[in-house]
Every structure is written in C-alpha cells, then in structure tokens.
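Colleague: Can you read through this structure? Questions will come right after.
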Amino acid sequence: MPHILIIEDDEDIQQLVGYNLAKEKFAVSYADSGEAGLARLDEEPLPDLVVLDLMLPGISGLEVCRRIRRHPKGREIPIIMLTARGEEEDITTGLDAGADDYLTKPFSPKVLLARIRAVLRRRDGLPAEEESRPADPAIVIHQIRIDPKRHEVRVAEQLISLTVTEYSILELLARHPGWVFSRQQIIDAVRGYDYSITPRAVDVQLFGLRKKLGVAGERLETVRGIGYRLKD
C-alpha cells in the first residue's frame, strides 16, 4: 500500500486529494506547512511519494522540494507539485528544483491519481499496464551503468542520485545510443502523451543530468534544432 504525503495548507484540497487517494487504497498522511512536511523525513515510515503545494506559508514549496532533494532520505522520493501557477517559467523552476511532475490548479483528482500511479510505476520500473515483467539486463555505456532492476545509475562505479524523470530520460537515450530524440518524443516516452509540459522543461532535465553525470554527461549531445542523443 503506497504511502502518500500531502503537503498542502488548504484544508479543502487536502481532503479532496486525501479522500480520492484513500478510496484507491493509498495510505495518506498530511502536513499543512513546509516545516511539518520536512519533519516527516525524520520519521518512519517514509512516504513513497509527496504531493507538494507550491504556495505554502513559511517555507515555500520550491524550497521544500530543494530541501527534500538534499536530505539523505529524500533524494529518491518522487515529488508531484500542485500549484495555481502554470506559466512555463513556473513549471521549469519547479522541475529544476527536483520535482518529478507538475499539476496546475484547478485539477482533476482522476488526473492526479493517474500521474501518481505513473510516477510510482517509473520509480519501480514497471510497465504502463502495471504488470510484472522479467528484469531487464543492465545497460552499460560510456562508464555509465544503468540497473533497471534496482533503478540505479552508476558512473565509474559511483552511485549517482537522479530524480525519477532524470532516470527515465537517461534510460531512454541509453537504450538507443546514437538515436536523436526530439523534445516532444522525450516527453511522450517518459511521461505519456497527455502530459502538459514544455520543451523548455526537457532542457532543464538534460542540464541537470549532464551536471550529475560529470565527464560522462558530455556524451549527452544537443542536436541543434532537433533534440538530444547519447553518443554511441
């Protein structure tokens, strides 16, 4: 039973999201401020996913997201942001802070549930239909080793901490070295055809990937006017 932590100061939205999650057999807990949400990282059990409001009293949702990503226990926890701010710059800022997904208010609870399931499937390496499958062999290229079974990435044997989205993009490119993927193809592949994200947000994810991969990140090549590829 996945445990979802909702960090949201609006009680009506808390109850709306919590009710729909509980109805689908998720375990739900709440925090009405960023400080309270961060305190949960030092408690057990840890959440499997965080639904995070951007506009919070005290510490902002963006800062909460950054602190979760810096916390030793929070690096791998998927984060879905909920916010009334849906401009391109707001979306890219949220993703750059470490969010895995972004949903603008007003939102459909059914869409939020679908996004939560999709992010959890990607985290667990499950196919879209949520059926189990034999674990894929590790992908090794340019000192990068991707282990789909463990959902881990190592560069020269050093474990690299990636968000769910960064991992999904890297796995896509590594499975097809030399192939050029447009930004829209990357969005479609890692998030689904109905995901409303801008090509600029893909650029932010690739920038983060290059930085985390170090020298190996130089193999992630921008193909001007088209998109990205991992050199073969």
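Colleague: Can you name every residue in the stretch 147-193 that is buried (at least 16 other Cβ atoms within 10 Å of the Cβ) and of a type in the set (Phe, Trp, Tyr)?
Modeller: TYR167, PHE181
Colleague: Let me ask you something else. Failed condition for ARG123, given (1) surrounded by fewer than 20 Cβ atoms within 10 Å (Cβ to Cβ); (2) at pLDDT below 75; (3) not in a loop (DSSP other than H, G, I, E, B), with all others met?
Modeller: Among (1) surrounded by fewer than 20 Cβ atoms within 10 Å (Cβ to Cβ); (2) at pLDDT below 75; (3) not in a loop (DSSP other than H, G, I, E, B), ARG123 violates only (1).
Colleague: Scan the stretch 57-91 residue by residue and report those that are crowded, with 20+ Cβ neighbours inside 10 Å and more than 22 Å from ALA39 (Cα to Cα).
Modeller: ILE91
Colleague: Further question: Among the residues of the stretch 3-45, write down those that are modelled with pLDDT under 90, in a loop (DSSP other than H, G, I, E, B) and closer than 16 Å to ILE77 by Cβ.
Modeller: GLU43, GLU44, PRO45
Colleague: Among the numbered criteria (1) modelled with pLDDT under 90; (2) farther than 17 Å from MET81 by Cα, which one does LEU54 miss?
Modeller: (2)
Colleague: Name every residue in the stretch 158-191 that is assigned to a helix (DSSP H, G or I), polar (S, T, N, Q) and within 14 Å of the chain's Cα centre (by Cα), in order of residue number. If you could, list the steps in order and put the result at the bottom.
Modeller: Filtering the stretch 158-191 down to residues assigned to a helix (DSSP H, G or I) leaves 164-175, 183-191.
Subset that is polar (S, T, N, Q): 165, 168, 184-185.
Correct list: THR165, SER168.
Colleague: Within the stretch 79-120, track down each residue that is within 18 Å of SER60 (Cα to Cα), in a helix (DSSP H, G or I) and either assigned by TED's automatic domain parsing to the domain that holds LYS211 or not hydrophobic (A, V, I, L, M, F, W, C) (or both). Don't jump to the end; show me each part of the working.
Modeller: Filtering the stretch 79-120 down to residues within 18 Å of SER60 (Cα to Cα) leaves 79-87, 89-105.
Next, from what is left, pick out any that are in a helix (DSSP H, G or I): 89-96.
Once the filter is applied, which keeps residues that are within 18 Å of SER60 (Cα to Cα), in a helix (DSSP H, G or I) and either assigned by TED's automatic domain parsing to the domain that holds LYS211 or not hydrophobic (A, V, I, L, M, F, W, C) (or both), the stretch 79-120 yields GLU89, ASP90, THR92, THR93, GLY94, ASP96.
Colleague: Of everything in the stretch 17-46, what is of a type in the set (A, V, I, L, M), in contact with a Pro (Cβ under 9 Å, 6 or more places away or on another chain) and surrounded by fewer than 16 Cβ atoms within 10 Å (Cβ to Cβ)? Give them in sequence order. Step through it out loud before you land on a result.
Modeller: Narrowing the stretch 17-46 to residues of a type in the set (A, V, I, L, M): 17, 21-22, 27-28, 31, 36, 38-39, 41, 46.
Next, from what is left, pick out any that are in contact with a Pro (Cβ under 9 Å, 6 or more places away or on another chain): 17, 21, 27, 41.
Within the stretch 17-46, just ALA27 meets the criteria.
Colleague: Ok, one more. Sort out which residues of the stretch 57-75 are touching a Ser or Thr at 6+ places or on another chain (Cβ under 7 Å) and at pLDDT below 85, and write them in order of number.
Modeller: Hit for the stretch 57-75 is ARG75, nothing else.
Colleague: Please enumerate the residues belonging to the stretch 64-78 that are closer than 16 Å to VAL51 by Cβ and not in a helix (DSSP H, G or I).
Modeller: GLY74, ILE77, PRO78
Colleague: Note down all Cβ pairs under 8 Å where the first residue falls in the stretch 178-200 and is modelled with pLDDT of 85 or more, the second is of a type in the set (D, E, K, R), and they're at least six residues apart or on different chains.
Modeller: GLY178/ARG229; GLY178/LYS231; GLY178/ASP232; TRP179/ARG229; VAL180/ARG229; PHE181/ARG229; ARG183/ASP203
Colleague: Only one of ALA216, ALA156 is touching a helix residue (DSSP H, G or I) at 6+ places or on another chain (Cβ under 8 Å) and modelled with pLDDT of 85 or more; which? Don't jump to the end; show me each part of the working.
Modeller: Numbers: ALA216 fails: touching a helix residue (DSSP H, G or I) at 6+ places or on another chain (Cβ under 8 Å).
It is ALA156.
The values are calculated or read from the model by the stated rules, or taken from the named source; none is laboratory data. All values derive from a computational prediction rather than experimental measurement. Positions of Cβ are backbone-derived with ideal geometry, glycine not excepted, and every protein chain shown enters the neighbour counts.
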